[in-house]
Amino acid sequence: MSKQTVRARVMKASISPTTQQLYDDDFSKQYGDILEPPYNLKELKLIGEYSSILQQCVDAYKTNIIEFGIEPEYKIDINSEEEEMAVKTKAEEEWTRLGEFIRYLNLDESPEAILGYVLDDREKTGNGYIEIIRDGTGMPVGIEYADAQHMRVCKKTVEEQIEYTILENNQEKKVTRWKRFRRYVQMIDGKKVFFKEYGDLRIMNSTNGKFDDNTPENLRATEIYHFKIGSGTYGKPRWIGNLISLYGARKAEELNLTYFSNGRHIPAAITVSNGKLDEDSYNELQSYMNELQGTDNAHKFLLLEVQGNATDSLVNNEEKITPAKVEIKSLAEILQKDALFLEYDERTRQKIRSSFRLPPLYTGEAQEFSRATADTARKVTEEQVFQPERKALARALNTLFLEPLGLKYVKLSVKGADFHDPAEIAEILDPFIQAGAVAPNDLRELLGQVLGKRVEPFPDEYNVPLQIIMRELAGSPLGGLINIEKSKEKQLDFINLLKDMRDVLEELRA
């Protein structure tokens, strides 16, 4: 009698883990005078959405470089008695003017938000762009964000003679130099718009990129300033050497997802000896195997009915049936116990963080940090990474705006995180205060930081170390160091001063 054979088949998952990427270059047929970037900018711009670590690194850069704010800063010591009053007055006027300029640099969003978009592009693609808007008098009045994935760089034009204003021995001096400018082009939905490089004073038509003095006002090109990483025509992202690792980590994630979504969880193999499955059991097994995929179908039970094989001998004129034997062999030891490539993924995260020179603390991974190691990591990263980046950004912004605005005594400053600990400062200052080396006004600014408000300095006659005041109150002459009238009213003033100084010390020690 023929035996029924049960065949096992291994079927491939229906969904491939390969990501379908559609990163067409809109400029692909127009390169020539327009220069081709070394990497696909659309792909670089979107790659943060496929990585589990890149966006955190970029956000850490944005937060610590620009999002603490931009503010005016004096180039001179405004409180110095050596500065002339006319210079101080002019500096205060410029400080107010620069503050208003920063406030209205963009009417829709804050300057920090606009520059944050630019930094996001720069860290993902190696390139960031801002458009500088000028008013009718030629003064810069605003900035706009230009999306890096839609921007391209053109070849340099012929040399032009440009005049600059510099300071020499604190005196303005005009110098000239020859410079070759670039043009920039943006294309969205097939429409191109041309821009000049910042500082190019020629009139250019924004529709065709040609320099034409007869261009109508509404078609005159505005200027672009290019923030880039590196010295090439296009910038390159600092993590580009780890691009393969980043893609590999993505594939590992997709493999794990495919396992849980479409993987076959087969915990055991069923073998039948000296028998066969009946038709219903065979069909049930086939259906079970086809459905046994995904977490929704895990841990189901299967009931099989098996018939023994008939032999040639007869017993009581009936066929003799051999006993069927069914064995279930466990396959649990070959099943995936946890996500695959976890170590590979961790190494990839370390590589990407290393590209940005960031400790795990800045990407939300602080499990291994104590307070001492966290403080050290913050200080080293601030010193080696964020502070130089802020200085470079501030230098670029001052180059863009200070000379056109005619500002001599103030500049733009990009703020950073405040690492001062008032408790530590109070502990350090205590010996100096006890020795009489600190006057009240030396501590007023620090007190304002502790209280979170502005505190005014004491008058000069009260700005004297505590020990000198106590000796004077006791009647000890100090050889003309301080001239205090011994009267009850004056003594009350000094008593109040002592109370204020005591409050300062208590606030610093709190």
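The values are calculated or read from the model by the stated rules, or taken from the named source; none is laboratory data. The structure presented is a predicted model; accordingly, all values stated were derived computationally and were not measured. Quick reminder, even Gly has a Cβ in these numbers, built from the backbone with ideal geometry, and neighbours come from all protein chains shown.
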Across the range 79-101, the tally of residues that are touching a Pro at 6+ places or on another chain (Cβ under 6 Å) and touching a residue at least 40 places away in the same chain (Cβ under 8 Å) stands at 2
Restricting attention to the range 204-216, report how many residues are part of a loop (DSSP other than H, G, I, E, B) and under 36 Å from the mean Cα position of the chain (by Cα). 4
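Residue check: is residue 425 in contact (Cβ under 8 Å) with a residue 24 or more places away in the chain, outside any loop (DSSP other than H, G, I, E, B) and over 37 Å from the mean Cα position of the chain (by Cα)? Please lay out each step first, then the result.
On the way: in contact (Cβ under 8 Å) with a residue 24 or more places away in the chain: yes; outside any loop (DSSP other than H, G, I, E, B): yes; over 37 Å from the mean Cα position of the chain (by Cα): no.
Against the criterion (in contact (Cβ under 8 Å) with a residue 24 or more places away in the chain, outside any loop (DSSP other than H, G, I, E, B) and over 37 Å from the mean Cα position of the chain (by Cα)), residue 425 does not qualify.
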Taking the options 62, 75, 124, 88, name whichever one is surrounded by 15 or more Cβ atoms within 10 Å (Cβ to Cβ) and within 16 Å of residue 409 (Cα to Cα). 88
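Quick one: would you say residue 144 is in the same structural domain as residue 219 (by TED's automatic domain parsing), within 17 Å of residue 227 (Cβ to Cβ) and touching a strand residue (DSSP E or B) at 6+ places or on another chain (Cβ under 7 Å)? Outline the logic, then answer.
Working: in the same structural domain as residue 219 (by TED's automatic domain parsing): yes; within 17 Å of residue 227 (Cβ to Cβ): yes; touching a strand residue (DSSP E or B) at 6+ places or on another chain (Cβ under 7 Å): yes.
Criteria met by residue 144.
Have a look at 202, 220, 183 and point out the one that is surrounded by 11 or more Cβ atoms within 10 Å (Cβ to Cβ) and in contact with a Cys (Cβ under 6 Å, 6 or more places away or on another chain). It would help to see each step written out before you state the result.
Numbers: 202 fails: in contact with a Cys (Cβ under 6 Å, 6 or more places away or on another chain); 220 fails: in contact with a Cys (Cβ under 6 Å, 6 or more places away or on another chain).
Residue meeting the stated conditions: 183.
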Scanning the range 396-416 residue by residue, the ones that are over 20 Å from the mean Cα position of the chain (by Cα) and either polar (S, T, N, Q) or assigned to a helix (DSSP H, G or I) (or both) total 8
Quickly run through the range 362-387 and pick out the residues that are in a loop (DSSP other than H, G, I, E, B) and under 14 Å from the mean Cα position of the chain (by Cα). 364
Options 81, 131, 67: the member that is assigned by TED's automatic domain parsing to the domain that holds residue 224, in contact with a strand residue (DSSP E or B) (Cβ under 6 Å, 6 or more places away or on another chain) and acidic (Asp, Glu): 131
Could you run through the range 29-58 and say how many residues are free of Cβ contacts under 8 Å to residues at least 12 places away in the same chain and under 21 Å from the mean Cα position of the chain (by Cα)? 2
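Report, by residue number, each residue of the range 1-55 that is among the polar types (S, T, N, Q) and at pLDDT 50 or above.
Pass one, the range 1-55, residues among the polar types (S, T, N, Q): 2, 4-5, 14, 16, 18-21, 28, 30, 40, 51-52, 55.
Those that are among the polar types (S, T, N, Q) and at pLDDT 50 or above: 28, 30, 40, 51, 52, 55.
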Which ones in the range 115-141 are polar (S, T, N, Q) and either outside any helix (DSSP H, G or I) or free of Cβ contacts under 8 Å to residues at least 24 places away in the same chain (or both)? 127, 137
